[in-house]
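The values are calculated or read from the model by the stated rules, or taken from the named source; none is laboratory data. All values derive from a computational prediction rather than experimental measurement. Positions of Cβ are generated from backbone atoms using ideal geometry, with glycine treated the same way; all protein chains shown enter the neighbour counts.
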């Protein structure tokens, strides 16, 4: 994953005032848990102007006509995820409005953390733990275990 391009995109999200929350492997890295990943998982608030701001942020980093396919209507649909693969990059960006019935943008608690020259709106360790602890993917369960250990989280 091209770290510099990821940071450029995160800075663009801030510049465009996108209402978003970073989750997934990159969020773990922001919290100091090093984990390799090939995607950038971003929850976005679902409204037309916010999605337009996401497109502007994408365009400020990549000159790609495929960015026009990032549409509010798709995020509002049954499968509330858009996977965007920037040209000439070795990672993808997953834009999410919700994860099934389990999580919506409004369900996430986040903090703004200065990271690598960007102010990043990132899910709290507690939120990441809730998102990962009961999934079927082994990598998510391993992430949850690391979050639990590092931040003293878990079932009481």
Legend entry - Filtered residue count, region 70-111, keeping only those that are loosely packed, with under 14 Cβ neighbours inside 10 Å, out of contact with any helix residue (DSSP H, G or I) (no Cβ under 9 Å at 6 or more places or on another chain) and closer than 21 Å to residue 10 by Cβ: 3
Inset, instruction - Determine which single condition residue 78 fails, assuming it passes every other condition in (1) farther than 30 Å from residue 142 by Cβ; (2) free of Cβ contacts under 8 Å to residues at least 24 places away in the same chain; (3) assigned to a loop (DSSP other than H, G, I, E, B). - result: (1)
Legend entry - Residues of region 24-38 that turn out to be in contact with a strand residue (DSSP E or B) (Cβ under 8 Å, 6 or more places away or on another chain) and either modelled with pLDDT of 95 or more or buried (at least 16 other Cβ atoms within 10 Å of the Cβ) (or both), as a count: 6
Inset, instruction - Could you tell me which numbered condition residue 114 fails, if it satisfies all but one of (1) more than 14 Å from the chain's Cα centre (by Cα); (2) closer than 28 Å to residue 15 by Cβ; (3) touching a residue at least 24 places away in the same chain (Cβ under 8 Å)? - result: (3)
Legend entry - region 97-138, residues that are under 27 Å from residue 73 (Cα atoms) and in a strand (DSSP E or B): 98, 99, 103, 104, 110, 120, 121, 122, 123
Inset, instruction - Would you check which residues across region 39-51 are in a helix (DSSP H, G or I) and surrounded by 15 or more Cβ atoms within 10 Å (Cβ to Cβ) and list them? - result: 50, 51
Inset, instruction - Kindly list the number of the only condition in (1) in a helix (DSSP H, G or I); (2) within 30 Å of residue 148 (Cα to Cα); (3) in contact with a strand residue (DSSP E or B) (Cβ under 9 Å, 6 or more places away or on another chain); (4) in contact (Cβ under 8 Å) with a residue 12 or more places away in the chain that fails for residue 21. - result: (1)
